[in-house]
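Worksheet: one structure, shown below.
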Amino acid sequence: MGFWWRPLSVLASVMLVALILWAGSGWVAALGFLAGVQAFVMLRRLWQEFRLARWLENPDEVDPPDATGTWGDIFYRLQKLQKRQKASRGELTSALEQFEHAAMAVPDGMVILNRSDQIEWCNPASRKFLGLDSERDRGQFVRYLLRQAHFLDFLDAADYSRRLVCKSPINRELTLSLQLVPFGASQKLLVARDITDLERVDAMRRDFIANVSHELRTPLTVVGGFVETLADAPDLPPGESRRYFDLMLDHTRRMQHLLDDLLTLSRLESAEHTLNDEPVNVSELAQVLKGEAESLSRGRHRVNLEVGSSAWLKGNLQEIRSALGNMVSNAVRYTPDGGEITLAWRERNGEGVFSVTDTGEGIAAEHIPRLTERFYRVDRSRSRETGGTGLGLAIVKHVLTRHGARLDVQSIPGKGSTFSALFPAQRLMAAPPSATVIPFPAQGQAAG
Ligand code: ADP
């Protein structure tokens, strides 16, 4: 209403003046007046149209036209419209920028494909996983860049519920899960997720189950066989049945060791922090372990102990004892009769070092990095003969890691090995003033 009121009132005023002129001076004067007004209006309109055209051509640089009356209203409304558009363009730009930043930060590879499977856009992760480049490959057909047969089948099938698990075309170490997601009118989003770790964990789980089953199968078969024999032949001579019972006991113990080690590992894995940090008197523990080594060796080896530090450790006694005990029992088990085993506790470069040196068979260099893997054995039958489970060093590694310590293995095949547990300086402590003797609990198992 406000917009129309002004021109209507101007028109009414002009008509009124024209009528007055007609009544007072005749129609010639009235027509002359109207022609003058008409010329003025036309010129003014031309001028305002020129200003408007100039402003619309370059609204950001030219000042908006300023006028009164109807033209003022028009300019004012146009300016308001332009400001609103500018604001919403700004909002749109910032929303787009935010989307682009988010897409850049997404760890998954994302590729937007049009209806012909040409690349419209891709994020930096897609370069890492698929070797695509947003600038270089824009407009390219994705099938010419990723040409593996299984990928082409996957693309052609356009089955949005399916995932393709494959190796990255540019890095065979990476396992990817690819998925197509439809969006917009006819576009597709190709999402590439790195599932290397998941695959590795899954493979480890499968290996672990296979290993445990394999380890249990032999003793179970043996025990089962003897039970059947004894059931079928109840009148066996006592000497023979005694031998069968001893063998059954042997294999039952083997299963028991395996289960004990599995439970220890699972406990170590499920506890997030080192439990019950307490002062551990390492010299005294070393004495206890020396005694255990001697009883395991039954006089077949010479066992020495060298204590060069009076430092104690802050840690979990049970766990530390189990780890160092495994290192000691391995030395006994892998050192032929007549060999020498030396346990030592000393400080070196600020670290507390508990080492076990043997003159045993030694280990070839290529095996050393894998010794702490579960069920990894250099010589499977030797490990079994001596009651090994293949889990001892995995337990050692877990315990040491939980204490911020590490395992170092030096070995020369045919000459012997030194297994050292290196504890960081912050784990060392002076003997407490009232150094009470901490009773060492009996070790649950003797063999690693
Ligand atoms: P196992 O129960 O088989 O001894 P471990 O995890 O304790 O399992 O050790 C893994 C493998 O490392 C052993 O099977 C053995 O081949 C090797 N090993 C460990 N300690 C020694 C050692 N002191 N001398 C030689 N080989 C060793």
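The values are calculated or read from the model by the stated rules, or taken from the named source; none is laboratory data. Quick caveat, the model's predicted, so the values are computed rather than measured. Neighbour counts are summed over all protein chains in view; Cβ atoms, including those assigned to glycine, are modelled from backbone coordinates with ideal geometry.
For Leu393, the criteria (1) more than 28 Å from the chain's Cα centre (by Cα); (2) near the ligand (Cβ under 7 Å from one of its atoms) hold in every case but one, which is (1). If the condition is being within 6 Å of the ligand (Cβ to nearest atom) and either part of a loop (DSSP other than H, G, I, E, B) or surrounded by fewer than 17 Cβ atoms within 10 Å (Cβ to Cβ) (or both), then the range 377-390 contributes Arg377, Val378, Asp379, Gly388, Thr389, Gly390. Spot the failing condition for Ala185; the list is (1) touching an Asp or Glu at 6+ places or on another chain (Cβ under 8 Å); (2) modelled with pLDDT under 90, and only one is missed. Only one criterion is unmet by Ala185, namely (1). Only residues that are in contact (Cβ under 8 Å) with a residue 40 or more places away in the chain, within 11 Å of the ligand (Cβ to nearest atom) and closer than 25 Å to Leu262 by Cβ were counted across the range 396-424, and they come to 3. For the range 38-76, residues that are of a type in the set (A, V, I, L, M) and within 19 Å of Trp5 (Cβ to Cβ) total 3. Going through (1) modelled with pLDDT under 95; (2) of a type outside the set (D, E, K, R); (3) within 35 Å of the chain's Cα centre (by Cα) one by one, Pro234 falls short only on (3). Kindly indicate whether any position in the range 65-80 is at pLDDT 90 or above and assigned to a helix (DSSP H, G or I). No, the range 65-80 has no match at all.
Restricting attention to the range 365-374, the residues that are within 12 Å of the ligand (Cβ to nearest atom) and hydrophobic (A, V, I, L, M, F, W, C) add up to 2. Put simply, of Ser295, Ser270, Ser241 the only residue that is surrounded by 14 or more Cβ atoms within 10 Å (Cβ to Cβ) and among the small types (Gly, Ala, Ser) is Ser241.
Inspection of the range 421-443 identifies at least one residue that is in contact with a Gly (Cβ under 9 Å, 6 or more places away or on another chain), part of a loop (DSSP other than H, G, I, E, B) and at pLDDT below 95.
Looking at the range 151-238, what strands (runs of 3 or more DSSP E) fall wholly within it and have at least 1 residues that are among the acidic types (Asp, Glu) and surrounded by 13 or more Cβ atoms within 10 Å (Cβ to Cβ)?
Strands (runs of 3 or more DSSP E) meeting the threshold: 187-194.
Out of the residues in the range 66-101 that are closer than 30 Å to Leu11 by Cβ and β-branched (Val, Ile, Thr), state the one that is surrounded by the fewest Cβ atoms within 10 Å (Cβ to Cβ). That would be Thr68.
The residues in the range 324-364 that are more than 15 Å from the ligand (Cβ to nearest atom) and either assigned to a loop (DSSP other than H, G, I, E, B) or out of contact with any strand residue (DSSP E or B) (no Cβ under 9 Å at 6 or more places or on another chain) (or both) can be counted, and the count is 3.
None of Arg6, Arg54 is free of Cβ contacts under 8 Å to residues at least 40 places away in the same chain and surrounded by 10 or more Cβ atoms within 10 Å (Cβ to Cβ) except Arg54. Checked against (1) in contact with a Lys or Arg (Cβ under 8 Å, 6 or more places away or on another chain); (2) within 26 Å of Val280 (Cβ to Cβ), Arg346 passes all but a single condition, namely (1).
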